[in-house]
Amino acid sequence: PPTLVAHIGSEVARGLHYAHRLKEGGQPLHLVHRDVTPHNVLLSFEGAVKLTDFGIAKAGNRLTSPGMLKGKFAYMSPEQARGDEVDARTDVFALGIVLWEMLTGGRLFVGDSDVATLRAVQHSVIVPPARLNPAVRPELDAVVMRALERDPVRRYQTAQELERALRECV
């Protein structure tokens, strides 16, 4: 149900916001998960939501250089797909993909090759989830579409902003 999707999404966003604010020695790590996918969102039997697999997370400029693609292509932000610098808004976009897929039951970005998938991430039309699932209320539809803005400036600027918007939908 869409309300459950919003709840799960808000919990993942809360975890992302925590990770994005981590510090070491008083200095921000600028951690970016870079692999927010359905496979990395776990639900316990008690209803706890966990985000796992920080294996390709990037802290500042320490792990990978620009131009190196890490992660699953169908869950990348446009800037990540181009090999540009990434920040917390990259994870917001990826969570938007996960939300869209939970609400519609389909894949958002599909291609018959890695290159085609990367092109889809950058250029294909993103249909609002409410068009495919009439149970999605306009408020939740708008939240997901803002998370999926290709221009990072128009996207939620923090995972906490996304969390709050999703909580309003719950």
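The values are calculated or read from the model by the stated rules, or taken from the named source; none is laboratory data. What you are looking at is a predicted structure, and each value in this text was computed from that prediction instead of being measured. Every residue, glycine among them, receives a Cβ derived from its backbone with ideal geometry; neighbour counts consider all protein chains shown. Note: areas computed on protein heavy atoms with side chains; ligands, DNA, RNA excluded. Shrake-Rupley method; radii C 1.70, N 1.55, O 1.52, S 1.80 Å.
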Original post:
Ranked by accessible surface with a 1.4 Å probe, highest first, in what order do His33, His123, His20 come?
Top reply: His123, His20, His33
**OP:** Consider the candidate values (1) 19.2, 60; (2) 15.2, 49; (3) 60.4, 185; state which one is Rg and Dmax of the Cα atoms in Å computed from the structure displayed.
**Re:** (2)
Original post:
Taking the Cα centre of region 84-152 as the origin, how large is its charge dipole in debye, to the nearest 20, when only Lys and Arg (+1) and Asp and Glu (-1) carry charge on their Cβ atoms?
Top reply: 340 debye
**OP:** Using a 1.4 angstrom probe, figure out how much accessible area the chain has per residue, in square angstrom, rounded to the nearest whole.
**Re:** 52 Å²
Subject >> Distance from region 123-156 to region 4-55 (C-alpha centre basis), Å >> reply: 21 Å
**OP:** Report the residue, chosen from Leu43, Leu108, Leu31, that carries the largest GNM mean-square fluctuation when the chain is represented by alpha-carbon nodes joined by springs under 10 Å.
**Re:** Leu43
Subject >> Distance-filtered residues of region 1-43 - backbone nitrogen under 11 Å, label point 7 angstrom along Arg167 Cα→Cβ >> reply: 10-11, 14
Original post:
Mind checking the dipole of the chain: about its Cα centre, +1 per Lys or Arg Cβ, -1 per Asp or Glu Cβ, Debye to the nearest 20?
Top reply: 120 debye
Original post:
Once you mark the trypsin sites (Lys or Arg not before Pro) that are in a DSSP loop and have at most 11 other Cβ atoms within 10 Å, what is the longest gap between them in the chain?
Top reply: 63-153
**OP:** Compare Val86, Val127, Val143 in a GNM of the chain, Cα atoms joined below 10 Å, and give the one with the largest fluctuation.
**Re:** Val127
Original post:
Calculated from DSSP H runs of 4 or more alone, at -39500 (n - 2.57) each and per residue, what is the 222 nm mean residue ellipticity of the chain, nearest 500?
Top reply: -13000 deg cm²/dmol
**OP:** With a 1.4 Å probe and every protein chain kept in, tell me what percent of the accessible surface of the chain is carbon plus sulfur.
**Re:** 55 percent
